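The values are calculated or read from the model by the stated rules, or taken from the named source; none is laboratory data. Since we're looking at a predicted model, the values are computed, not measured. Glycine gets a Cβ as well: all are built from the backbone with ideal geometry, and neighbour counts include every protein chain shown.
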Amino acid sequence: MHRQRLRFLAAPVAAALLAACQTGSPPGGGGTADTLPTPAAGSATAQQPGQPPARQAAVLTGLEVLVRDSLALVRGKRVGLITNQTAVTSRGEHAVDVLARAPGVRLVALFGPEHGVRGNYEGGARVENQRDRATGVTVYSLYGATQKPTAAMLQGLDVLVFDIQDIGARPYTFVWTMAMAMEAAAARHLPFIVLDRPNPITSLAQGPMMAREIRDERIGQPITGYYPVPLRHGMTSGEVARYVNAEFRVGADLHVVPAEGWTGGMWFERTGLRWINPSPNIRSVDASLKYSGLVLAEATNVSVGRGTNAPFSYLGAPWMRAGAVLAAVQKYDLQGIRLDSVVITPTGSQPHHFVRLTVTDRDRVDMPFVALALLSEIKRLHPAQFKVEDPPGMTQMLGSKWAMAAFTRGDDPRQIQQRWSGELAAWRQMQDRYRIYPK
């Protein structure tokens, strides 16, 4: 997103994925631009007088790259910023504060996603419009009655900027807040800037692809799956934006400021960046990884450990026979994960019999399949107790009506995964088409 821009050329897209996605024109040629910057010489952010020495992070966020050598994108403009508590530099400075004091930048509106600008709302809680206490800037909520910026919210803006740390799973709402905002910006001919950040669980894609039918038939909530991607999609927010803008012909004047120094195989701890919980129940990189599978249980009456000391590290219920479940899943030879049983009483609840999940090899574990296998056996062993409480939500997370039907029938999870594997092969070609970072 610096001044000198590089366009990405298209690559062939497999027919299996084309059936799931409406394919448009990739960035290039004519039409609305999708631009990336050419990195400036050097990689260190300038140290300001009187400030402590900068942390030696291996990765610079898109926010830091913007301030270092792409500030012309927002200088002299009235800026709206979609952000939350995760949008900090390697020094711990928040994007709101950085842009509010940037020379020539007028920060005039803030937009908060699920959990709010400061991250102090629980998942699913209604977030109201308010004012930011530190700057006095109006904060508009994009979670609740209004999930896409309205014309009134965008009135008077010259550019709309997005800077939020995502966790790499389709049902996590932040990238869909971004996509909806990008559509709104395109409708008003506002440039849309994504200040990119690493995918904390790498560029590996796993699990079910969301079929186009889910979007077309409005199955589930748009905010938890607005466009077709796999359950663990393997993209950064900037890459998702490029994919959505081109393949679905959004027509946004999109600019992505990449994170500098990140590669697709780099787990978040190796970036040197500060981990800030993106939501109250995602408290670690491992929780982010496990969320990419255990989120399937959120549509059922099986708990993922909310109200415990480690949400998204457990799967269970008061009625569950955890020992029987452990015995039943041995046949799947699950890799990279250790399972054991424990009894815990979540806050405000009764004792639960949980299967505890401990990741032993992040590069080998397939969390969507682990979750599918566990839920399939829990369902088989407890036919009277197990319930899918949100069938549309479960269908959306499983990605298709066929997968939901197979799970309901009790089909072998390995057969379901085999079909998912074909969808993923096609997705990886699409992923390469919009890839910003080396593998």
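Could you check, for the range 422-437, whether at least one of its residues is on the phi > 0 side of the Ramachandran plot and either free of Cβ contacts under 8 Å to residues at least 24 places away in the same chain or out of contact with any strand residue (DSSP E or B) (no Cβ under 9 Å at 6 or more places or on another chain) (or both)? No, because not a single residue in the range 422-437 is on the phi > 0 side of the Ramachandran plot and either free of Cβ contacts under 8 Å to residues at least 24 places away in the same chain or out of contact with any strand residue (DSSP E or B) (no Cβ under 9 Å at 6 or more places or on another chain) (or both). Residue-level check: of (1) assigned to a loop (DSSP other than H, G, I, E, B); (2) surrounded by 19 or more Cβ atoms within 10 Å (Cβ to Cβ); (3) not polar (S, T, N, Q), Gly251 misses just (2). When every residue of the range 390-401 is checked against the conditions, none turns out to be part of a helix (DSSP H, G or I) and closer than 17 Å to Ala328 by Cα. The set of residues in the range 186-243 being part of a strand (DSSP E or B) and either under 15 Å from the mean Cα position of the chain (by Cα) or within 17 Å of Glu260 (Cα to Cα) (or both) consists of Ile193, Val194, Leu195, Gln206, Gly207, Met209, Pro230, Leu231, Arg232.
Condition first: buried (at least 24 other Cβ atoms within 10 Å of the Cβ) and either aromatic (Phe, Trp, Tyr) or out of contact with any Ser or Thr (no Cβ under 9 Å at 6 or more places or on another chain) (or both). Now tell me which residues in the range 140-171 satisfy that. Pro149, Leu160, Phe162, listed by residue number.
Pick from the range 137-146 the residues that are within 23 Å of the chain's Cα centre (by Cα) and under 16 Å from Thr83 (Cβ atoms): which of them is modelled with the lowest pLDDT? Taking the candidates together, the pick is Tyr143.
The single residue among Gly307, Gly348 that is small (Gly, Ala, Ser), under 25 Å from Thr173 (Cα atoms) and assigned to a loop (DSSP other than H, G, I, E, B) turns out to be Gly307.
Would you pick out the residues in the range 414-427 that are surrounded by fewer than 19 Cβ atoms within 10 Å (Cβ to Cβ) and either farther than 24 Å from Met404 by Cβ or among the polar types (S, T, N, Q) (or both)? Across the range 414-427, the qualifying residues are Gln415, Gln418, Ser421.
Residue-by-condition table, conditions (1) of a type outside the set (Gly, Ala, Ser); (2) at pLDDT below 95; (3) assigned to a loop (DSSP other than H, G, I, E, B):
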| position | (1), (2), (3) |
| --- | --- |
| Pro311 | yes, no, yes |
| Ala324 | no, no, no |
| Lys331 | yes, no, no |
| Asp361 | yes, no, yes |
| Arg364 | yes, no, yes |
| Leu372 | yes, no, no |
| Gln385 | yes, no, yes |
